[in-house]
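Inspection log for the structure reproduced underneath, given as structure tokens.
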Amino acid sequence: MTKHYNTFEQGSTWVRADFHLHTRKDAEFIYDDEENQFVSLYVNKLKEMKIQVGVITNHNKFDCGEFQALRKKASKDEVFLLPGVELSIGDGSNGIHTLVVFSDEWISKGADYVNPFLTAYFSGKAPNEYERENGRGQHNILQTIKILEGYNKDFFLIFAHVEQSSGLWCELKCGRMSELGKNELFGKYVMGFQKVRTFDSVGKTCNKKKVEEWLQNNYPAEVEGSDCKAIDEIGKGDPCFIKIGDFSFEAVKFALMDFSDRVSKEVKPYEHSYIKSMSFEGGLLDKQEVHFSPELNTLIGIRGSGKSAIIESLRYALDVSFGEKAQDKKYKNELIPFTLRSGGKIIVKAIDRHGMTYEIRRILNQQPEVFIDNILQPGISIRETVINRPVYFGQKDLSSSGEGFEKDLVEKLVGEKLNEIRLRIDSQKQKVKDTANNLLRMTDLEEKIKENEDKRRDAEYKLNIFKKYGIEEKLQKQLDFDQDERMLRQSAKILKKYVTGMVTVITENEDEVKNQVLYKSKQNDIFFESYLGIYKEMINILEENKVLIEKGKVGMKQLESQTAEFIKIKAGLKEEFASMERKLTEDLKAVGAQSVHTEEFKQVVQALEMTKRILEELVKQKSRETQLKNDFLIALSQLDNLCHEEFQMAEKLLEKVNENHSSLKIKIEYKGDKDGFLQLMKSSFKGSGIRENVFEQITWNYADFGAIYRSMIEEKEDGRIKSPAFIEYFNKNLSDLVSYQVSNRYIIEYQGRELKNHSLGQRASALILFVLSQGENDVIIIDQPEDDLDNQTIYQDVIKLIRKIKWKTQFIFATHNPNIPVLGDAEQIFACSYSEDKVSIISGSIDSEAIQQSIVNIMEGGREAINRRKEIYALWTQQN
């Protein structure tokens, strides 16, 4: 069973390596402390210098017992030591010091093949003659390699201090170096040059530039080693880092073979935000925790193994939308509840661009919450503050190019950068709706004025009849008292509303106003002392309002008392009024006017008074009609300006997007979505009897409904929009129509032609390369990016691009294609399997033996299938 190391919890990572270490068994090494303390002191120094990979390379000597003791102690502290020797090869005038690094085969199962090799290599010499720095063998480089090969065990060479005495560059002439560069054995086994310092120094026989020219493709990795002669010297000199995913000879060797990506003199910190881990409570993945690399992560497994469940769970936790045109939404939506089950919970740990750690928690059917140090942080945006612009594509999403796909892609790439302007647009749309509704209320003013004028004339006519009989004169006192009572009640109502409003304003704002005096400036305390002094004076002035309000309440009670007194006076006249009405009724009978009633008269007077008030208000409103029209046109213009500002912002963002890709371009057309414009018009004018071709002409001639409105109120004639039917339906839907934003149209072109005119494979290839090359999305999540892509495209374009940019972008892919994890050199791989209602995950880097076996079994059909393909490919190669 593979040992678990915390170092590789997130897959392959950079560790410091020292390829040239000596111990006290070396004749040149000085150690004066207690013998039984050596191992501990040695390993502690490695830890102190943060060295996690070291090669023990004593001069022409290997002490297996000492090495095993050091390795055992170091392994507990996650320091990996490799067996080796600094061999003095008999080449050049002084011999060439060469670090031979042995695989574990040389010392496994109690065996030791290193010392027999040394004995044979220095045949004819006693150990004390060669186990030292100047002990020199009789074989040249190529002969030495062949001798090592004869043991049928893996190894590699690193030439020590190449520019110094006994170094390769110093000892060999250019002709010999050129010969080595062409030799297959040299290229196969030489993995590094230690201590390269000069690039193109004048007067130097050898320098890096010259050696590169001589060796061509066989120029190896440049590494470092402290060449320590005492414990205190461990880690001295320049550091060297290698990227590995397991503590093994094979991992170290592969890192040196792939040195352009896996060997470095420094480790660059990650500047992008990324997902660190995801864990589950409940459901198919209960108690599972998935640790992601900041670079390339791949999920592998047979169909139905749970890869998509993990991908979709991550998307769900981050609250990333599918996109409007995502494929198979039903399956994806149903996958989340199936995976999490009732009450299931996802916990995502993420690192932002500044290195801050966040925890995102989401329970099924609830909104995600963000925590820092276990404290809830309401209002933090996951896709802006925590993870910078994550982008997601589900299965088949990239190969789709149906209606609206272009807009959906643009939204995923740049949509969030338009959020602020879109909020302003939404606010302005509401203002347009409000002013439109205000204007609509103006359209029936004439009718309302006419209606109330008719009511006024009717009431006045009836009053004339009553006047004929002297009713108004005889009831005038009672009418005056009624009018006075109405005035008292109305004025009290208005005053109460005014005072209550003031109380509400003070109550809602008092605490906020007073809290400002608590502010403490870090840089401008003297200035703010003066400022807050004036501020406090303002608070004292405002406090006087509360005193005035209390006085106002007292005054209101006095007015209520006055009103009550008036009503009491009026009630005292009740009998007098009743007596007057009885006498008036008798007088009317006497003159034959039995159908004239005093109660009806009072109703007519009250109706006339109300009608006059309504007419006054309607006339005032009528006088505001011009202003309302102006307000509406201004609101429309402001909405237009904001829409154009959004267009310009999108255009600039797409220019930046297009810079990263030469063959694929996204163009934007202002308010170009004529189809959406037409569909809304047809639905809004349904039942109008207007023909469809008229709608088509209008939508092509006008940018939007606001432009139509402006044309309708101008003198310019256009029969299509000034017909009674069109005006009726337009006004009926005015607020919805003029607040509608005709969408911009996006056109994706690939190699000069619209993308939709290319084959499915070409579309998918172009789009995935386009998405990967942006550099604006910190996290890219794709479920099976290889769908509809051929293997040549995957390797030649996709994988090469991923390897180039993965240090600054986190990729999380679910895939069936072995080229992605293997040739992409995935830092973290998850082998998924599903059985008994549970998803199981094995994780590790491409260097992990267990993961390698999973890739072979899952993605290649097993070792037998691979070997059979090798045989066939070899046969084809021979034939060709």
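Longer than 30 Å from Cα to Cα, which of Lys109/Lys253; Lys756/Lys800; Lys3/Lys268; Lys433/Lys497; Lys551/Lys612; Lys629/Lys656 are they? Say none if no pair is.
With Cα atoms farther than 30 Å apart: Lys551/Lys612; Lys629/Lys656.
Taking the Cα centre as origin and putting +1 on Lys and Arg beta-carbons and -1 on Asp and Glu beta-carbons, what dipole magnitude results for the stretch 82-220, to the nearest 20 debye? Please report the intermediate quantities before stating the final value.
Working: 16 positive and 17 negative charges, 73 e Å.
Using only the charged Cβ atoms, the result is roughly 360 debye.
Carbon and sulfur atoms: what percent of the 1.4 Å accessible area of the stretch 1-123 do they account for? Present the calculation step by step, with values, prior to reporting the outcome.
Details: 2230 of 5020 Å².
Taking all protein chains in place, the stretch 1-123 shows 44 percent carbon and sulfur surface.
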(message) Residue by residue through the stretch 278-290, what is 3J(HN,Hα) from phi via Karplus (6.51 cos²θ - 1.76 cosθ + 1.60, θ = phi - 60°)? Round to whole Hz and write x for glycine and proline.
(response) 9, 10, 10, 10, x, x, 5, 10, 3, 6, 8, 10, 10
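Determine the order of Asp825, Asp328 by accessible area, beginning with the largest, at a probe radius of 1.4 Å.
Numbers: Asp825 5, Asp328 95 Å².
Of Asp825, Asp328, the descending order of accessible area is Asp328, Asp825.
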(request) Work out from phi, with θ = phi - 60° and the Karplus expression 6.51 cos²θ - 1.76 cosθ + 1.60, the ³J(HN,Hα) of each residue of the stretch 744-761, listed in order in whole Hz, and give x for Gly and Pro. (result) 6, 9, 10, 10, 9, 10, 10, 6, x, 10, 4, 4, 5, 8, 9, 5, 4, x
(request) Extending each Cα 7 Å along its Cβ direction at Glu714 and Thr385, get the distance between those two points in nm, one decimal. (result) 4.8 nm
(message) Show me the three semi-axes of the equivalent ellipsoid for the stretch 46-162, from the C-alpha gyration tensor (sqrt of 5 times each eigenvalue), largest first, rounded to whole Å.
(response) 25, 16, 13
(request) Using the charge dipole of the chain (Lys, Arg: +1 at Cβ; Asp, Glu: -1 at Cβ; taken about the Cα centre), state which of Gln828, Phe811, Val39 has its Cα farthest towards the positive end. (result) Phe811
(request) Would you mind getting the accessible area per residue of the stretch 60-176, heavy atoms of the protein chains only, 1.4 Å probe, in Å²? (result) 39 Å²
(request) Give the residue from Gly689, Ile713, Ala703 lying farthest towards the positive end of the charge dipole for the stretch 651-724; charges sit on Cβ (+1 for Lys and Arg, -1 for Asp and Glu) and the dipole is referred to the Cα centre. (result) Gly689
(request) Would you work out the relative contact order for the stretch 315-444, in percent, from Cα pairs under 8 angstrom that are 6 or more residues apart? (result) 25 percent
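Longer than 32 Å from Cα to Cα, which of Lys329/Lys674; Lys182/Lys229; Lys496/Lys536; Lys209/Lys808 are they? Say none if no pair is. Walk me through the numbers on the way to the answer.
Numbers: Lys329/Lys674 27 Å; Lys182/Lys229 36 Å; Lys496/Lys536 30 Å; Lys209/Lys808 30 Å.
From Lys329/Lys674; Lys182/Lys229; Lys496/Lys536; Lys209/Lys808, over 32 Å: Lys182/Lys229.
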(request) Rounded to the nearest Å, what's the spacing between the alpha carbon centres of the stretch 257-336 and the stretch 38-80? Just the number, please. (result) 37 Å
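I'm a student and want to see the number: the projected area of the Cα convex hull of the chain, averaged over all directions, in nm². Write out the running numbers ahead of the final one.
Values: hull surface 250.6 nm².
Mean orientational projected area (the chain, Cα hull): 62.7 nm².
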(request) Could you work out how far apart the two model spin labels at Glu179 and Tyr519 are, taking each label as a point 7 Å from the Cα in the direction of the beta carbon, and quote it in nm? (result) 8.2 nm
(message) I want to check the label-to-label distance for Lys417 and Ile30. Put each point 7 Å from Cα in the C-beta direction and report it in nm to one decimal.
(response) 6.1 nm
(message) What figure, in Å² to the nearest 10, do you get for the accessible area of Thr13 with a 1.4 Å probe and non-protein molecules left out?
(response) 50 Å²
(request) Quick one: net charge around Phe29, please, counting Lys, Arg +1 and Asp, Glu -1 for every other residue with C-beta under 10 Å from its C-beta. (result) 0
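Give me the dipole magnitude in Debye, nearest 20, for the stretch 259-416 about the Cα centre, with unit charges on the beta carbon: positive for Lys and Arg, negative for Asp and Glu.
Details: 23 positive and 23 negative charges, 80 e Å.
So the dipole magnitude of the stretch 259-416 works out to roughly 380 debye.
Computing the accessible area with a 1.4 Å probe over protein heavy atoms, can you report the carbon and sulfur percentage for the stretch 677-752?
On the way: 1790 of 3830 Å².
That share works out to 47 percent.
Between Asp200 and Glu659, what FRET efficiency follows from the Cβ-Cβ distance if R0 is 41 Å, with the result rounded to 0.05?
On the way: r = 34 Å, r/R0 = 0.83.
Once rounded, the FRET efficiency stands at 0.75.
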(request) For the stretch 15-21, just list the computed ³J(HN,Hα) in residue order, Karplus coefficients 6.51, -1.76 and 1.60, θ = phi - 60°, integers in Hz, with x standing in for Gly and Pro. (result) 10, 7, 10, 10, 8, 9, 10
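At 222 nm, what helix-only mean residue ellipticity would the chain give, in deg cm²/dmol to the nearest 500, using -39500 (n - 2.57) for each DSSP H run of four or more?
Computed mean residue ellipticity for the chain: -16000 deg cm²/dmol.
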(message) Tell me which trypsin sites (Lys or Arg not before Pro) from the stretch 646-720 have a DSSP coil assignment and no more than 16 other beta carbons within 10 Å of their own.
(response) Lys686, Arg691, Lys716
(request) Pick out, from Val211, Gly175, Phe67, the residue whose Cα sits farthest towards the positive end of the charge dipole of the chain, with +1 on the Cβ of Lys and Arg and -1 on the Cβ of Asp and Glu. (result) Val211
(request) Return the whole-Å distance between the Cα centroid of the stretch 796-831 and the Cα centroid of the stretch 733-795. (result) 20 Å
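Hey, got a sec? Which GluC sites (Glu not before Pro) in the stretch 144-249 land in a DSSP loop and have at most 16 other Cβ atoms within 10 Å? Don't skip to the answer; put the middle values down first.
Values: sites: Glu149, Glu163, Glu171, Glu179, Glu184, Glu212, Glu213, Glu222, Glu224, Glu233; in loops: Glu163, Glu224.
The qualifying sites: there are none.
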(request) Give me the Debye-computed log₁₀ of I(q)/I(0) at q = 0.15, 0.21, 0.24 Å⁻¹ for the stretch 258-349, equal point scatterers on Cα only, no solvent, two decimals. (result) -0.69, -1.11, -1.34
(request) Grab the Cα-Cα distance for Lys557 and Lys574, subtract it from 0.36 nm times how many residues apart they are, and report the gain in nm with one decimal. (result) 3.6 nm
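Could you work out how much longer the chain between Asp675 and Lys268 gets when fully extended? Use 0.36 nm per residue separation minus the Cα distance between them, nm to one decimal.
Values: separation 407, 0.36 × 407 = 146.52 nm, distance 4.97 nm.
Computed gain between Asp675 and Lys268 is 141.6 nm.
For the pair Glu645 and Glu537, what calculated FRET efficiency results from E = 1/(1 + (r/R0)^6), where r is the Cβ-Cβ distance and R0 = 51 Å, to the nearest 0.05? Could the numbers behind the result be given before it?
On the way: r = 42 Å, r/R0 = 0.82.
Calculated value: 0.75.
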(request) Scan around Leu82 for amide H atoms under 5 Å from its own, H built in the peptide plane at 1.01 Å from N, and keep only partners 5 or more places away or cross-chain. (result) Gly54, Val55, Ile56
(request) Count charges around Leu653 for me, please; just the other residues with Cβ under 10 Å from its Cβ, Lys/Arg as +1, Asp/Glu as -1. (result) 0
(request) Express the relative contact order of the stretch 147-237 as a whole percentage, based on alpha carbon pairs under 8 Å and six or more residues apart in sequence. (result) 27 percent
(message) Please report the net charge: other residues with Cβ closer than 13 Å to the Cβ of Val391, K and R +1, D and E -1.
(response) -2
(request) Once you have the Cα-Cα distance between His4 and Thr119, take 0.36 nm times their residue separation minus that, and quote the gain in nm to one decimal. (result) 37.7 nm
(request) For a label point 7 Å from the Cα of Ala725 along Cα→C-beta, name the residues of the stretch 668-682 whose backbone N is under 19 Å from it. (result) 678-682
(request) Please go through the stretch 343-439 and write out the GluC sites (Glu not before Pro) that DSSP classes as loop and that have at most 16 other C-beta atoms within 10 Å. (result) Glu403
(request) About the Cα centre of the chain, how large is the charge dipole given +1 on each Lys and Arg Cβ and -1 on each Asp and Glu Cβ? Please answer in debye to the nearest 20. (result) 1500 debye
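From Cα pairs below 8 angstrom and at least 6 apart in sequence, can you work out the relative contact order of the chain, rounded to a whole percent? Numbers along the way, then the final one.
Details: 1328 pairs, mean separation 136.9, N = 880.
Relative contact order of the chain: 16 percent.
Which FRET efficiency, nearest 0.05, do Glu369 and Asp736 yield, Cβ-Cβ r, R0 41 Å?
Details: r = 36 Å, r/R0 = 0.88.
After rounding, the FRET efficiency stands at 0.70.
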(request) Rounded to the nearest Å, what's the spacing between the alpha carbon centres of the stretch 360-393 and the stretch 178-244? Just the number, please. (result) 47 Å
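The values are calculated or read from the model by the stated rules, or taken from the named source; none is laboratory data. None of the values given here were measured: they were computed from a predicted structure. Ideal geometry is used to build each Cβ from the backbone, glycine not excepted, and the neighbour counts take in all protein chains shown. Just the protein is used for accessible areas: all its heavy atoms, side chains included, with ligands, DNA and RNA removed. Shrake-Rupley method; radii C 1.70, N 1.55, O 1.52, S 1.80 Å.
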